[in-house]
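Chemist: Below: one structure in structure tokens.
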Amino acid sequence: MPDEVKDTKKPAPTPRQPRTPMPEQPAEKRRRNFQEVALGYTEVDALKEASRCLQCKKPKCQEGCPVNVDIPTFVGLIKEKKYIEAAKAIKVDNALPAVCGRVCPQESQCESLCLLGKRFEPAAIGRLERFVADYEANHSNPADISSETGDTSDKNKKDRPSGYKVAVIGSGPAGLTCASDLAKLGHEVTMFEALHKPGGVLIYGIPEFRLPKAIVQREVAYIESLGVELRVNSVIGNLFTIDDLMSEMDYNAVFIANGAGFPMFMNIPGENLNGVYSANEFLTRANLMKAYLFPEYDTPINCGNKVAVVGGGNVAMDSARVSMRLGAEHVYLVYRRSDEELPARREEVHHAKEEGIEFKLLTNPVEIIGENGAVKAIKCIEMELGEPDDSGRRRPVPKKGSEFTLDVDTVIMSIGTSANPLIGASTPGLELNKRGYIVADEENGKTTKKGVYAGGDIVTGSATVIAAMGAGKRSAAAIHEYLQTQ
Amino acid sequence: MFKIIEKEELAHTIYMMRLDVPDIASKARAGQFLVIRLNETGERIPLTIADYDCDNGTIDIVFQVVGKTTEQLSCMEIGDSIQDIAGPMGKASHIPQDEKVVVVGGGVGIAPIYPITRAFHEAGNHVIGIIGARSENLLIYEDKMKEVCDEFHLTTDDGTKGRCSLVTAPLTEVLEKNKDVKLVVVIGPGIMMKCCAEATKPFGVKTMVSLNSIMVDGTGMCGACRVEVGGETKFACADGPEFDGHQVNFGLLMDRLRAYTGKEKQALDDFHSKDGCKCQTK
């Protein structure tokens, strides 16, 4: 029985083998549908990729993870075909593995520190994370998922109820993570969401083809199964103030993670014409409200034949790719710097180019031209890169006399967001910075108001899902500590 | 889920519904609005608060059937539930004290002007009310308004009730007679608010208008509701809904309200061609 003997041994690492590619929907097909682009590893793919992991004695990858997932352990469990255990090992530190496996910029985090990457390509940690999260969801009884808390270590043991109540404002990545950790520690957690569905940017922002909404719902259900109470349609600042929560409603601590907020515009002529959207509005209509299924769903969206998306981040890529899927013939991505400075993940840029998005780099809009109240064209100017600015990137400078117009009927502004003043304005004692963001200690989320913590985009401005999750995690630990002293 | 506990057809195609929303009712103030979504496939629409009762935990909404969502809503009955209601949204009206003020309501805009009028009345102001409708059969809240106004004017475009004129005629006369008016508040269709703002301008009276832009989230996140006030872009949901009527770009407001006309018609036609609404005559 030589095979059985082999099976009980750990397979030897095969680092020289190339990184196992992610199966994808072909670009020609996917550019016109909303189904997921990346199809996920098969079991064979996952085993092949896991076998590349060196299982280092002193692993570096874990240090690169903002929520400190025990990567070597979960990859090791894949090698042993213990996929459900692998998923549980991730859930000890990360309540949203299926989300992170899809949208984390692993290339600049865990995978960037993978020792294998020094000589070969790094292990595909993100793809493996996604594989086990999906495997668990497809192979466990939902009742099992809801009755367990991913307890492969003592860390996760649900303590007896602590008797403390914590309010979490916002149900995006920071809120979900904080709520999950606090619930695991035995606190009574209520998560307040302003919209009608939980998930924050995971629901309204990131499109279905990158992050299916069923997956977000599954992860939220898991967090609810930990005992977190969810209250949708609750606009904190208007419906209840932070002071209401901490006095009449008896919450002992509050974690504010209401997200980045207001969309920014360029303040150029024509920006209020019909056909000019903020990326927030465009994506919210498409994702949260499912306007791509109009009229089956009631929310309309006006996506024309020729679309200009202004900006170069992940949100710009999402807006461009949604436009393509809504049937646009030409989608231009207008960005004022060059390809090298595009802030979006390389993978997103690559996918966008494959899908036929036309990149107008070193180009900046100066005016949106209208006819009868609607967009007709966008006037742009060519840019060149000058001296480095404060961000260290070379400053784009307009080239005199290089204006030109692009005929478009839709413009999507994706140039960032600014702080929503709702909570700041209604919370005496909560210090905000000059730009309206909440002042909070990076290490523990502590604000200037006693018992009030904050994290995610409302502290840092727009950042990544995983950075917000890290903040949620650190704040949960600090809130737990604070509650012990009460 | 939020229950409808009262329903009344106030006029042709105009309905009042009383909603059981105790948390929102305890915080609501005159001038604010709600965002509602009827069901899983529904859109989010803003509706101005027409009355609120903190003690009983209720808010009244008044709406006119203009599209699919309002038609569907009009078909709901007492005991039915609306899936999502969020609020109170927007900034509350500024309520002066012991001043002479004028309130002007046009069409279905009479409903949201009512709680503001009542608040003005309760704060000891001398309130001059002017309401107008296209025709008698579209007139609402006449008695409620009379109760909280010290002086009252009524117009219809076709003369079927009250004075046969637009609201701007009595408004101008009131301002000519009352040089001590400190504030005018106007709620109604865009064109009516525009004309009222033009009418008050020569008198130099502060004039506030409540803007009913298209919205999605209603909290400032999407920017669909942007309006131009004094040359600056503002969000009606978070910065408003009330703005200085002498500064508002009404042309832009009215253009933007037409952004989805085609799609709105398509949604309504599609609705009628399928199950449609069983209680309305098409």
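Chemist: Quantify, in whole percent, the carbon and sulfur part of the accessible surface of region B:71-179 (1.4 Å probe; protein heavy atoms only).
Modeler: Working: 1960 of 4280 Å².
The value for region B:71-179 is 46 percent carbon and sulfur by accessible area.
Chemist: Summarise the partner chain shielding of A:369-380 as one whole number: the mean count of Cβ atoms from other chains within 10 Å of each residue's Cβ.
Modeler: Numbers: counts 0, 1, 0, 2, 7, 3, 0, 0, 0, 0, 0, 0.
Taking all residues of A:369-380 together, the mean is 1.
Chemist: Something else about it: Quick check: from the Cα gyration tensor, does region B:1-120 come out rounded (a/c under 1.5), prolate or oblate? Can you show the working numbers first?
Modeler: Numbers: a/c = 1.95, a/b = 1.49, b/c = 1.31.
Note, shape of region B:1-120 comes out prolate.
Chemist: A follow-up question, please. Ranked highest first by average number of other Cβ atoms within 10 Å, how do A:166-174, A:236-244 line up?
Modeler: Working: A:166-174: 31.0, A:236-244: 21.0.
The most tightly packed comes first, giving A:166-174, A:236-244.
Chemist: Stretched out fully, how many nm does the piece from A:Ile369 to A:Ala477 gain, at 0.36 nm a residue minus the Cα gap?
Modeler: Details: separation 108, 0.36 × 108 = 38.88 nm, distance 5.18 nm.
Additional length available on full extension: 33.7 nm.
Chemist: Name the residues of region A:229-266 whose accessible area falls by at least 30 Å² when all protein chains are present instead of the chain alone, probe 1.4 Å?
Modeler: Residues meeting the cut-off: A:Asn233, A:Val235, A:Asn238, A:Leu239, A:Phe262, A:Pro263, A:Phe265.
Chemist: Could you pull out every one of the lysines with an alpha carbon less than 16 Å from that of B:Lys146, ignoring same-chain neighbours closer than 8 positions?
Modeler: Cross-link targets: B:Lys161.
Chemist: Shifting gears a bit: Pop the C-beta distance of A:Ser108 and A:Lys376 into the FRET formula with R0 = 35 Å and round what comes out to the nearest 0.05. Before the final figure, lay out each step's value.
Modeler: On the way: r = 40 Å, r/R0 = 1.14.
Once rounded, the FRET efficiency stands at 0.30.
Chemist: If I stretch the segment between A:Val44 and A:Met249 completely, what's the gain in nm (0.36 nm per residue apart, minus their alpha carbon distance), one decimal? It would help to have the intermediate numbers written out before the result.
Modeler: Working: separation 205, 0.36 × 205 = 73.80 nm, distance 5.22 nm.
Residue separation times 0.36 nm, minus the Cα-Cα distance, leaves 68.6 nm.
Chemist: Sticking with this one: Taking the Cβ-Cβ separation of B:Glu99 and B:Asp244 as r and a Förster radius of 22 Å, what is the calculated FRET efficiency to the nearest 0.05? If you can, show how the numbers build up before the last one.
Modeler: On the way: r = 17 Å, r/R0 = 0.78.
Approximately 0.80, to the nearest 0.05.
Chemist: What distance in nm separates the two pseudo spin-label positions at A:Ala27 and B:Phe203, each 7 Å out from Cα along the beta-carbon direction?
Modeler: The modelled label-to-label distance comes out at 6.5 nm.
Chemist: So, one more: 7 Å from Cα along Cα→Cβ at both A:Asn138 and A:Ser402: what's the point-to-point distance in nm?
Modeler: 4.9 nm
Chemist: Considering only A:Tyr204, A:Ala320, A:Ser162, whose Cα is most displaced toward the positive end of the charge dipole of the protein assembly as shown, charges sitting on Cβ of Lys, Arg (+1) and Asp, Glu (-1)?
Modeler: A:Ala320
Chemist: May I ask you to rank B:Thr69, A:Thr485 by accessible area, largest first, using a 1.4 Å probe over the protein chains only? The partial results should precede the final answer.
Modeler: Numbers: B:Thr69 10, A:Thr485 100 Å².
If we order B:Thr69, A:Thr485 from most to least accessible, we get A:Thr485, B:Thr69.
Chemist: Enter the mean number of other protein chain beta carbons within 10 Å of the beta carbon of each residue in A:190-198, as an integer.
Modeler: On the way: counts 0, 0, 0, 1, 8, 10, 11, 3, 0.
Per-residue shielding by partner chains comes out at 4.
Chemist: Less than 14 Å from a label point 7 Å out along the Cα-to-Cβ axis of A:Gln55: which backbone N atoms in region A:81-111 qualify, by residue?
Modeler: Of the residues in region A:81-111, A:81-82 have backbone N under 14 Å from the label point off A:Gln55.
Chemist: Taking 0.36 nm per residue of sequence separation and subtracting the Cα-Cα distance, how much length would be gained by fully extending the chain between A:Ser426 and A:Ala221, in nm to one decimal?
Modeler: Values: separation 205, 0.36 × 205 = 73.80 nm, distance 3.08 nm.
Gain in length upon complete extension: 70.7 nm.
Chemist: Indicate the residues belonging to region B:202-224 that lose 50 Å² or more of solvent-accessible heavy-atom surface (probe 1.4 Å) upon moving from the chain alone to the assembly of all protein chains, ignoring ligands and nucleic acids.
Modeler: Residues losing area: B:Val216, B:Thr219, B:Met221, B:Cys222.
Chemist: What residues does region B:10-31 have that are buried by at least 30 Å² of accessible area in the full protein assembly compared to the chain on its own, 1.4 angstrom probe?
Modeler: B:Asp23, B:Lys27
Chemist: Right, here's the next one. Nearest 5 is fine: what % of DSSP beta bridges in chain A come out antiparallel, could you say? Before the final figure, lay out each step's value.
Modeler: Numbers: 21 of 53 bridges.
About 40 percent, rounded to the nearest 5.
Chemist: Can you give me the % of accessible surface on chain A that is carbon or sulfur? Probe 1.4 Å, all protein chains present, nothing else counted.
Modeler: Values: 10070 of 20080 Å².
Summing carbon and sulfur atoms, their accessible area is 50 percent of the total for chain A.
Chemist: Follow-up. Based on Cα coordinates alone, diagonalise the gyration tensor for the protein assembly as shown, multiply each eigenvalue by 5, take square roots, and list the semi-axes in whole Å, largest first. Walk me through the numbers on the way to the answer.
Modeler: Numbers: eigenvalues 501, 181, 116 Å².
Listed largest to smallest, the semi-axes of the protein assembly as shown are 50, 30, 24 Å.
Chemist: Something else now. Please give the average number of partner chain Cβ atoms lying within 10 Å of the Cβ of each residue in A:275-281, rounded to a whole number.
Modeler: Working: counts 1, 2, 3, 5, 2, 7, 10.
Going residue by residue through A:275-281 and averaging, the value is 4.
Chemist: Once you place label points 7 Å from the Cα toward the Cβ at A:Arg16 and A:Lys450, how far apart are they in nm?
Modeler: In this crude label model, A:Arg16 to A:Lys450 measures out at 6.6 nm.
Chemist: Something else now. What whole-number value in Å² describes the accessible area per residue of the protein assembly as shown for a 1.4 Å probe?
Modeler: Numbers: 31400 Å² over 768 residues.
Here the residues of the protein assembly as shown average 41 Å² of exposed surface.
Chemist: Using only the Cα atoms of region A:348-424, build the gyration tensor, take square roots of its eigenvalues as a ≥ b ≥ c, and label the shape rounded, prolate or oblate: rounded if a/c is under 1.5, else prolate if a/b is larger than b/c, else oblate.
Modeler: Numbers: a/c = 1.32, a/b = 1.06, b/c = 1.25.
Since a/c stays below 1.5, the shape of region A:348-424 is classed as rounded.
Chemist: Report, by chain and number, residues whose modeled amide H sits under 5 Å from the one on A:Lys360, excluding near sequence neighbours (fewer than 5 apart, same chain).
Modeler: Placed amide hydrogens put A:Leu333, A:Val334, A:Tyr335 under 5 Å from A:Lys360.
Chemist: Counting protein heavy atoms only and a 1.4 angstrom probe, how many square angstrom of accessible surface do chains B and A bury in total, to the nearest 100? Don't skip to the end; give the middle numbers.
Modeler: Values: alone 13130 and 21890 Å², together 31400 Å².
Chains B and A together bury approximately 3600 Å².
Chemist: Out of all DSSP beta bridges with both ends in chain B, state the antiparallel percent to the nearest 5.
Modeler: On the way: 35 of 60 bridges.
DSSP beta bridges in chain B are roughly 60 percent antiparallel.
The values are calculated or read from the model by the stated rules, or taken from the named source; none is laboratory data. Computed from a predicted model, the values in this text were never measured in an experiment. Methodologically, a virtual Cβ is constructed for each residue, glycine included, from the backbone with ideal geometry; neighbour enumeration extends over all protein chains shown. Areas reflect the complete protein model, heavy atoms only, side chains present, ligands, DNA and RNA absent. Shrake-Rupley method; radii C 1.70, N 1.55, O 1.52, S 1.80 Å.
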